[in-house]
Amino acid sequence: SLFESWLVSVLCAYRSYRNLFDDWNYWAPTENSRFEVDLLLWRGKECLAIEIKSSKKYRSEFSKGLRALNENWRGRKPIRNIIVYLGAEPLKTPEGFEVLPLALFLNQIEQGQL
């Protein structure tokens, strides 16, 4: 939870200083508390879904919240689904979710590519 809190703080700073996003929230369906997504960042009507994991190895279970979100979403689905982790390699899941090492994710924020 410390890693997640730190990354949320970084994103909040970029929201204030660079208008990275308009609003943000957390997603967890009331009917099934086993699933959640750490952050939904909103720019207008577009949404970016982010799951944060403090692991050096990606595991398929990291995608379960994003899968549930995309299956149950009403309206436009998130434009990007990202899992940020402490590993070294960027990956793609079978669903097309991006698995980004922390350094690459921070670089994308800095370069305005998020």
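Keeping every protein chain in place, order ARG34, ARG67 by accessible area at 1.4 Å, biggest value first, i.e. largest first.
Working: ARG34 160, ARG67 75 Å².
The most accessible residue leads, giving ARG34, ARG67.
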Do me a favour and compute the ellipsoid semi-axes for the chain from its Cα gyration tensor, root of five times each eigenvalue, largest one first, whole Å.
20, 18, 13
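Can you tell me what share of the DSSP beta bridges in the chain is antiparallel? A percent to the nearest 5 is fine.
Details: 11 of 20 bridges.
The antiparallel fraction comes to roughly 55 percent.
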Would you mind counting up the charge near TRP6? Only other residues with Cβ under 14 Å from its Cβ, with Lys and Arg at +1 and Asp and Glu at -1.
-1
List the lysines whose Cα lies under 23 Å from the Cα of LYS77, skipping any in the same chain that are fewer than 8 positions away.
LYS45, LYS53, LYS64, LYS92
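Summing +1 for each Lys or Arg and -1 for each Asp or Glu, what net charge is found among the other residues whose Cβ lies under 12 Å from the Cβ of GLY75?
On the way: positive: LYS45, ARG74, ARG76, LYS77; negative: GLU46.
So the environment of GLY75 carries a net charge of +3.
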Cα→Cβ-extended label distance, 7 Å offset, between LYS57 and ASN25, nm
3.7
Normalising by the residue count of the chain, find the relative contact order in percent from Cα pairs under 8 Å and 6+ residues apart.
19
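The values are calculated or read from the model by the stated rules, or taken from the named source; none is laboratory data. In this text, all values refer to a predicted model and were calculated from it rather than measured experimentally. Note that we place each Cβ from the backbone using ideal geometry, even for glycine, and neighbour counts take in every protein chain shown. Heads up: the accessible areas ignore ligands, DNA and RNA and are worked out on the full protein's heavy atoms, side chains in. Shrake-Rupley method; radii C 1.70, N 1.55, O 1.52, S 1.80 Å.
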